[in-house]
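Colleague: Here it is, the structure in full.
The values are calculated or read from the model by the stated rules, or taken from the named source; none is laboratory data. Remember, it's a predicted structure, so these values are computed and weren't measured experimentally. Glycine gets a Cβ as well: all are built from the backbone with ideal geometry, and neighbour counts include every protein chain shown.
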Amino acid sequence: MIAQPFYIKTLAVWCLFFSFTVTAQEKTEEPSEIKKVTKTDFYELRGTNAFDVAIGTSVINGDFVDPMFEIYSHVGYKRHITPHVAIDFGYHKFNLAYIDVYNEGFMSFDLNLELTVLPHSMFSPFVFAGAGLNASNHFKATANKFQGGGGVECIVSDKFGIKIYTDYNYVLSDELDGLEAGASDDTYFRLALGLNFYFGGAKAKAKRLKGQATVIESNLLNDENYTKK
């Protein structure tokens, strides 16, 4: 019997291994489109629209010393463009104060872009940023501002969530506390506990599921045609 060169034996082993691997992949591999299942948990837990209310505290960072925590309340409306991204408009009523020196009522009208990190989960962090108008009571003084913040939300039942959040507000004025001093404008913080009441989303959910069904049916037909060939 003639001995085969070593490289021929090695090549034969690699060919057998490669043939076995390709055969195994063909048996187990599925079209990538079928593997991608459209998530609709967001529409069941939450919704495309939401009304929210909150109550908490506010504190100023201005030109006086000894700031104190005061009452803060909020009502708003939120519209989800996608499960992750929403536009939020809110009305905020609050007081800013210093001990024995200053206590004044304010309101703000804020427009934010909000990002929900885990929209298909019952528990999710969220962050937001935007711009708004700050005004003292009876609109005696107004100023534009920028704000940003974040928090966490927990869905306690379908369409109903509890959240805790904080925001930082930079006012384009150094006269928020009635005193113009220092090199920077006045700012304030707010911290609150709130409720989200979600509604809507049935049509968006149905559209997503219909699109998924179309993709799966299309791939199944392609698989049948491939098998026949």
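Colleague: Filter segment 143-178 for residues that are within 15 Å of PHE126 (Cα to Cα) and among the small types (Gly, Ala, Ser) and give the result.
Modeller: The answer is GLY148, GLY149, GLY150, GLY151, GLY161.
Colleague: Could you please find all residues in segment 90-112 being out of contact with any Gly (no Cβ under 6 Å at 6 or more places or on another chain) and either more than 14 Å from TYR188 (Cα to Cα) or among the aliphatic types (A, V, I, L, M) (or both)?
Modeller: Correct list: TYR91, LEU96, ALA97, ILE99, ASP100, VAL101, TYR102, MET107.
Colleague: For residues in segment 185-229 being outside any strand (DSSP E or B), farther than 26 Å from GLU44 by Cβ and touching a strand residue (DSSP E or B) at 6+ places or on another chain (Cβ under 9 Å), which is modelled with the highest pLDDT?
Modeller: Restricting to residues being outside any strand (DSSP E or B), farther than 26 Å from GLU44 by Cβ and touching a strand residue (DSSP E or B) at 6+ places or on another chain (Cβ under 9 Å), the top hit is ASP186.
Colleague: If you don't mind, there's one more thing I want to ask. Would you confirm whether any residue within segment 122-129 is of a type in the set (A, V, I, L, M), at pLDDT 95 or above and assigned to a strand (DSSP E or B)?
Modeller: Yes - at least one qualifying residue is present in segment 122-129.
One line per residue, one yes/no per condition, for (1) in contact with a strand residue (DSSP E or B) (Cβ under 7 Å, 6 or more places away or on another chain); (2) farther than 22 Å from PHE64 by Cβ; (3) among the aliphatic types (A, V, I, L, M):
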| site | (1), (2), (3) |
| --- | --- |
| LEU113 | yes, yes, yes |
| PRO125 | yes, yes, no |
| GLY150 | yes, yes, no |
| LEU179 | no, no, yes |
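Colleague: Continuing with this model, one more query. Looking at the structure I just gave you, is SER184 among the small types (Gly, Ala, Ser), more than 22 Å from THR48 (Cα to Cα) and surrounded by fewer than 15 Cβ atoms within 10 Å (Cβ to Cβ)?
Modeller: So SER184 passes the test.
Colleague: OK, next. Let me spell it out: the conditions are (1) out of contact with any Ser or Thr (no Cβ under 7 Å at 6 or more places or on another chain); (2) touching a residue at least 24 places away in the same chain (Cβ under 8 Å); (3) farther than 18 Å from ALA54 by Cβ, and ASP110 meets all of them except one. Which number is the exception?
Modeller: It is condition (3) that ASP110 fails.
Colleague: Is it true that some residue in segment 169-177 is buried (at least 20 other Cβ atoms within 10 Å of the Cβ) and outside any strand (DSSP E or B)?
Modeller: Looking through segment 169-177, at least one residue is buried (at least 20 other Cβ atoms within 10 Å of the Cβ) and outside any strand (DSSP E or B).
Colleague: Give me the pairs: first residue in segment 134-158 and touching a residue at least 40 places away in the same chain (Cβ under 8 Å), second residue in a helix (DSSP H, G or I) and not small (Gly, Ala, Ser), beta-carbon distance under 8 Å, and six or more apart or on different chains, which are they?
Modeller: Between residues of segment 134-158 that are touching a residue at least 40 places away in the same chain (Cβ under 8 Å) and residues that are in a helix (DSSP H, G or I) and not small (Gly, Ala, Ser), the close pairs are ILE155/LEU45; ASP158/GLU44; ASP158/LEU45.
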